[in-house]
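One structure is given here, and the rest of the page talks about it.
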Amino acid sequence: MSAAPDPMPVAVAAARRPEAWLWVLAMVAALVVAVRANYVADLSAFLPAAPTAEQRVLLEQLRSGVTSRILLVGIRGGRSEKRVAASQAMAAALRSSGEFRSVDNGDTSAYGEAGQFLFDHRYLLSPAIDARRFTVDGLREGIDDTVALLGTPAGTLMKPVLWRDPTGETIRLAEAMLPAQAPRSEGGVWVSRSEPRALLVLTMRAEGDDLDGQARAIEAVRRAFAAAAGSDGMQLEISGLGVFAVQARAQIRGEIERLATAGTAAIIALLFVVFGSWRALLVGTLPVASGVLAGIAAVSLGFGRVHGVTLGFGTTLIGEAVDYAIYFLIQSRPAAGLSTGRGRGYEAWVAGKWPTVRLGLWTSLAGFSALVFSGFPGLAQLGVFSLAGLVAAALTTRYVLPLLAPDGAAALGLRGSLGRATSRAAAWLPRRRVLVVAVVAAAVAALAHEPAAWRGNLAALSPVPPDALKLDASLRADLAAAEAGILVAVEGADEGQVLQRAEAAGARLDALVRDGALLGYSSPANLLPSPATQRARAAALPSREVLTANLVQATQDGPLPFERLGPFIDDVESERGLPAITRRDLASTPLAAALDAQLVSPRGRGPWTALINLQLPPSAPGAQAGDSEPGLSDGNRLRAALAGLPDTRIVEVQRELDALYARYLREAQWQAAVGALVIVILLGAYLRSATRLLRVLVPLAASEILVLAGFAVAHAALGVLHLVGLLLVVAVGSNYALFFDHLRERGDADADTLASLFVANLTTVISFGLLATSDVPALSAVGMVVAPGAALALVLSAALIGVKPRAESAAHG
Amino acid sequence: MRTSEPRRPRSGGRAARLRRAAWRALLVAAATVPVAVAHAFDLDELMRILADVRSADATFIERRTVNQIGRTLESAGRLSYRAPDTFTRETLRPHRDKLAVSGNIVTMSQGDRSRTMELDAAPEAQVMIEAIRGTLTGNRSLLERHFEVRLEGPAESWLLELVPRDVRLRGQVAQLRVSGRQARIREVDVRMADGDHSEMLIEPAISPAP
């Protein structure tokens, strides 16, 4: 796809013909766009556009939320004390590396400063604050609760601040902010409950779409581990969407290079063997190069970015688009004995063969246009890429190639013997029709016995290997990471409104916690109450005189003497005038990372989202990581509890994802069916004969059946991309069937046309065969369907349509 | 309520080992505690008789001395234990609150507030709870995982001394002393590192008919 057109003939031709000028201009424009295009290779192509609000919340998190910036790190093996020491050393190194917004390893000793800020605002933040809190009774109760903790480990927190905070707001604050589920703590750091492993949670500064930044941060983790662990027999385990994305990018990039290089080399070698001429080779690659350029430019203009996977598919366009050049170069050779003069060979081709090629193009376009409407950006890009690429390649073949090689390619290389061999095969195949029919019948029987297993899920599309997913699940389980199967998403117009709505949802959830239906929940409003709530609390703070009078009464005969509580009165007084704190005020504290994860500001316009993680009791189904079916009764109970709250939704993660992919599979099946129908209509309209239409359709249908039967017999599940592959088989195969139909109608099949079909098929099989070897599931799925499908389409067209090879050619055999 | 048969030492070899251990314990006790020991009694034996108790209900009175406010605070309430791992402490006066532990889940309630957390995520709480639960269940390995364990005295008046193994925890809870008579726990004393100190006296309750 990188072969440059030979500039000289183009220039000469361009001087003669306006269409050549147009072509040069279009190619230059496409080149400019392609060079300036934004190439990405993250996981975005595998994340569909989300139709429902629940799914939008989910995918937004996967795409750009804090979820995409979190790394889960495990230090495994070695001795327990060594792991603890390594965790502390790594955390210190990573905190000073500047790559991370937060580094959590369970060690809270570094939180002093944030603690001070929160303490200084405790009367705005503590959920216990209302007007009653500062009455004589309220003060007495608060003091009693605090004193009940003194002399126990739980009171240790209160001792240093007792005289400033006798009602224990510090404890209330800590209770509100700490999640109910936390990792096991040992030696002051987080450790696994089930494995010899210390744990860290990191939030990278780099956003989900800044893969270079994320790669840098991941590298910093590896360096910090190497420095901290030395050679004590410990291993680093690291997971997270960022890790997947960076690995996928490296993999996709490697694959594209490999596929493009191998594909180009194989096709060039084949063309050279067939034509034996450099000039033919250059002319032959021109439609391909035009097609790829046009495809990239169209995708870049249409989507703003070009995904690596699209380029990976683009390499297969080599196989499709080079067909046009092959048809032209072989078929335009002036037939022996005809009176057309030298330099006029293309005229016969344009008149005789172009309509067939054009019809093949239309059918291909009909097939690919189904993809354009796909909800998967990856597939939609592929559709646009293919449409633009095929149109450009066909137009280049039709209007530019006649100027460069008016008589096709010289009869050198293997063409002669190739023609004889294909003629022999074309004569032999129809005689084995019974065998072919038997094989197809067997395939139908196999499919009836064991229908193809269609499955739509993320795992089948994403290039993340199963081992990596297993490690991820195990780290998440250890960390009790906010990865519950179920969460509540609340939307609001701005920070204040969304927090207020989260508070309303929290009030409903509190009831479930009291009943034991929930262990707890973590809401952003627990970390940062809404401005309205904070203002209400500030308004509830009494004046110095009132507080003093009440406190004198409340402390009478109580455990704390009034005389020592002066600092308390001062603190309440100083907080009376404080403005409500906002997310920005918390930005430099360790709370920021937790808050960012749960309070999602819109990128540009759109609603703010608060995510409330629910902690289900261990007995309830759905509490375990990887359990995909949260208890229905719980779901219903939750729904009932939250009923009537504005823009408040329950998101059951696994169920939504499954629903999403199942939906896209169904949608893609519909689109494919519509595409197939359009192809049939097109063929019918052109052929104007039910017999001919049937003749063309039968080999195509038979090829699809054989491929499907192969997958069914191999017990391989089929996904959206296999469907794309089947569509491609129809698009590519219809060319062969149409040519055989054309030859049969004409009454004689010349060796050149047959040879061109064979070479065209070979290029397709080679390029899709290469794709089938890819480690990227999305690419290999298409390759594994199209490579055998295209070969079958040619063989079955030859066998079932049946042509009479021209006597003189057959005579050679 | 299920009650299991007390288990007894079976083999002569084991008895001999017990005797040897008992002699050692006696020598240690004689060297450290100037009290005559009537009967050889070791940790395994204590654990065994404690493990045989499948459920228990008791009342308690706790006196806690808090230096910071120069006072001794008194509280009282109920304790209950159900094998294998459920333990609750309900304070009735001066104010009601409740601490319930089951497995790794701790629930604390005060008035209409209730909070649940995982025990092993909060080592300070864990050390206090496992001291009592480990003793109640007669789980020697659980006790020894968290504490240096030392037993003194005869079965009629034993004293279990527990010192947290973790240095950081020792910085908060210096020592726990659990004492009792046979399978009955009579007192739990906690000495905090900062000098605060509490004694909890435990009396068996007439448990309601099962």
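The values are calculated or read from the model by the stated rules, or taken from the named source; none is laboratory data. Predicted model only: the values in this text are computed from it and were never measured. Methodologically, a virtual Cβ is constructed for each residue, glycine included, from the backbone with ideal geometry; neighbour enumeration extends over all protein chains shown.
Can you name every residue in the stretch A:775-802 that is surrounded by fewer than 24 Cβ atoms within 10 Å (Cβ to Cβ) and among the hydroxyl-bearing types (Ser, Thr, Tyr)?
If the condition is that a residue be surrounded by fewer than 24 Cβ atoms within 10 Å (Cβ to Cβ) and among the hydroxyl-bearing types (Ser, Thr, Tyr), then A:Ser780 is the only one that fits.
Of the residues that make up the stretch A:233-240, is at least one buried (at least 16 other Cβ atoms within 10 Å of the Cβ), on the phi > 0 side of the Ramachandran plot and of a type outside the set (Val, Ile, Thr)?
Scanning the stretch A:233-240 turns up at least one residue that is buried (at least 16 other Cβ atoms within 10 Å of the Cβ), on the phi > 0 side of the Ramachandran plot and of a type outside the set (Val, Ile, Thr).
Against the conditions (1) at pLDDT 85 or above; (2) of a type outside the set (Gly, Ala, Ser); (3) surrounded by 20 or more Cβ atoms within 10 Å (Cβ to Cβ), where does B:Ile129 fall short? Just the number, please.
(3)
Please return the ranges of helices (runs of 4 or more DSSP H) entirely within the stretch A:493-565 where 1 or more residues are surrounded by fewer than 17 Cβ atoms within 10 Å (Cβ to Cβ) and within 13 Å of chain B (Cβ to nearest Cβ).
Filter on the stretch A:493-565 gives A:495-515.
Yes or no, residue by residue, for (1) under 18 Å from B:Glu203 (Cα atoms); (2) within 9 Å of the chain's Cα centre (by Cα); (3) not β-branched (Val, Ile, Thr):
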position	(1), (2), (3)
B:Asn139	no, no, yes
B:Arg145	no, no, yes
B:Val149	no, no, no
B:Leu176	no, yes, yes
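Could you grab me the full set of residues in the stretch A:98-139 that are at pLDDT 90 or above and polar (S, T, N, Q)?
Correct list: A:Ser126, A:Thr135.
Of all the residues that make up the stretch B:43-58, how many are surrounded by fewer than 16 Cβ atoms within 10 Å (Cβ to Cβ) and touching a strand residue (DSSP E or B) at 6+ places or on another chain (Cβ under 9 Å)?
Adding up the residues that qualify gives 3.
Of all the residues that make up the stretch B:76-85, how many are more than 14 Å from chain A (Cβ to nearest Cβ) and over 17 Å from B:Val178 (Cα atoms)?
Residues that pass the stated criteria total 4.
Have a look at A:Gly115, A:Gly138, A:Gly168, A:Gly98 and point out the one that is more than 9 Å from chain B (Cβ to nearest Cβ), surrounded by fewer than 16 Cβ atoms within 10 Å (Cβ to Cβ), out of contact with any strand residue (DSSP E or B) (no Cβ under 9 Å at 6 or more places or on another chain) and not β-branched (Val, Ile, Thr).
A:Gly98
Counting only residues that are touching a residue at least 12 places away in the same chain (Cβ under 8 Å) and either farther than 17 Å from A:Ile238 by Cα or within 14 Å of chain B (Cβ to nearest Cβ) (or both), how many does the stretch A:206-219 have?
Adding up the residues that qualify gives 2.
Within the stretch A:397-404, is even one residue at pLDDT 80 or above, charged (D, E, K, R) and not in a loop (DSSP other than H, G, I, E, B)?
Taking every residue of the stretch A:397-404 in turn, at least one turns out to be at pLDDT 80 or above, charged (D, E, K, R) and not in a loop (DSSP other than H, G, I, E, B).
Looking at the stretch B:97-141, which of its residues are among the hydroxyl-bearing types (Ser, Thr, Tyr), more than 8 Å from chain A (Cβ to nearest Cβ) and not in a helix (DSSP H, G or I)?
B:Ser102, B:Thr107, B:Ser109
Being part of a helix (DSSP H, G or I) and either hydroxyl-bearing (Ser, Thr, Tyr) or farther than 26 Å from A:Gln214 by Cβ (or both), is that true of even one residue in the stretch A:102-110?
Yes: the stretch A:102-110 contains one or more residues that are part of a helix (DSSP H, G or I) and either hydroxyl-bearing (Ser, Thr, Tyr) or farther than 26 Å from A:Gln214 by Cβ (or both).
Of all residues in the stretch A:268-279 being surrounded by fewer than 24 Cβ atoms within 10 Å (Cβ to Cβ) and touching a residue at least 60 places away in the same chain (Cβ under 8 Å), which is nearest to the chain's Cα centre (by Cα)?
Across the stretch A:268-279, the extreme among qualifying residues is A:Ile268.
Can you tell me how many residues within the stretch A:370-386 are assigned to a helix (DSSP H, G or I), out of contact with any Leu (no Cβ under 6 Å at 6 or more places or on another chain) and not β-branched (Val, Ile, Thr)?
7
Hey, does the stretch A:188-211 have a residue that's part of a helix (DSSP H, G or I), under 51 Å from the mean Cα position of the chain (by Cα) and surrounded by fewer than 20 Cβ atoms within 10 Å (Cβ to Cβ)?
No - not one qualifying residue is present in the stretch A:188-211.
What are the residues in the stretch A:152-162 that are facing chain B (nearest Cβ under 9 Å) and either more than 52 Å from the chain's Cα centre (by Cα) or outside any loop (DSSP other than H, G, I, E, B) (or both), if any?
Hits for the stretch A:152-162 are A:Pro153, A:Ala154, A:Gly155, A:Lys159, A:Leu162.
Any residue in the stretch B:170-195 that is within 11 Å of chain A (Cβ to nearest Cβ) and small (Gly, Ala, Ser) sitting within a Cβ distance under 8 Å of a residue that is crowded, with 17+ Cβ neighbours inside 10 Å and assigned to a loop (DSSP other than H, G, I, E, B)? List the pairs, counting only those 6 or more apart or interchain.
Every condition considered, the pairs that remain are B:Ala193/B:Gln172.
Is it fair to say B:Val163 is assigned to a strand (DSSP E or B), surrounded by fewer than 20 Cβ atoms within 10 Å (Cβ to Cβ) and out of contact with any Pro (no Cβ under 9 Å at 6 or more places or on another chain)?
yes
Can you pull out every residue in the stretch A:153-165 that is surrounded by fewer than 17 Cβ atoms within 10 Å (Cβ to Cβ) and aliphatic (A, V, I, L, M)?
Listed by number, the list holds a single entry, A:Leu157.
Considering only the stretch B:87-103, I want to know if a residue exists there that is modelled with pLDDT of 90 or more, touching an Asp or Glu at 6+ places or on another chain (Cβ under 9 Å) and aromatic (Phe, Trp, Tyr).
no
Could you say whether any residue in the stretch A:456-471 is modelled with pLDDT under 85, more than 14 Å from every other protein chain (Cβ to nearest Cβ) and more than 30 Å from A:Val73 (Cα to Cα)?
Among the residues of the stretch A:456-471, at least one is modelled with pLDDT under 85, more than 14 Å from every other protein chain (Cβ to nearest Cβ) and more than 30 Å from A:Val73 (Cα to Cα), which makes the answer yes.
Can you name every residue in the stretch B:55-75 that is aliphatic (A, V, I, L, M) and more than 7 Å from chain A (Cβ to nearest Cβ)?
Those that are aliphatic (A, V, I, L, M) and more than 7 Å from chain A (Cβ to nearest Cβ): B:Ala56, B:Ala58, B:Ile61.
Under 7 Å between Cβ atoms, which residue pairs at least 6 apart in sequence (or on different chains) link something in the stretch A:648-669 that is in contact (Cβ under 8 Å) with a residue 40 or more places away in the chain with a partner that is assigned to a helix (DSSP H, G or I) and of a type in the set (Val, Ile, Thr)?
What qualifies is A:Val651/A:Val57; A:Tyr664/A:Val720; A:Leu665/A:Val720; A:Ala668/A:Val720.
Can you tell which of A:Leu149, A:Leu178 is free of Cβ contacts under 8 Å to residues at least 24 places away in the same chain, in contact with a Gly (Cβ under 6 Å, 6 or more places away or on another chain) and more than 7 Å from every other protein chain (Cβ to nearest Cβ)?
The conditions single out A:Leu149.
Under 9 Å between Cβ atoms, which residue pairs at least 6 apart in sequence (or on different chains) link something in the stretch A:706-726 that is part of a helix (DSSP H, G or I) with a partner that is acidic (Asp, Glu)?
So the pair list comes out as A:Ala709/A:Glu450; A:Ala712/A:Glu450; A:Val713/A:Glu450; A:Val720/A:Glu667; A:Leu726/A:Glu704.
Condition test on A:Leu162, is it at pLDDT 90 or above and farther than 19 Å from A:Ser97 by Cα?
Yes, satisfied.
With respect to B:Met200, is the statement that it is within 9 Å of chain A (Cβ to nearest Cβ), assigned to a strand (DSSP E or B) and surrounded by 21 or more Cβ atoms within 10 Å (Cβ to Cβ) true?
Answer is no for this residue.
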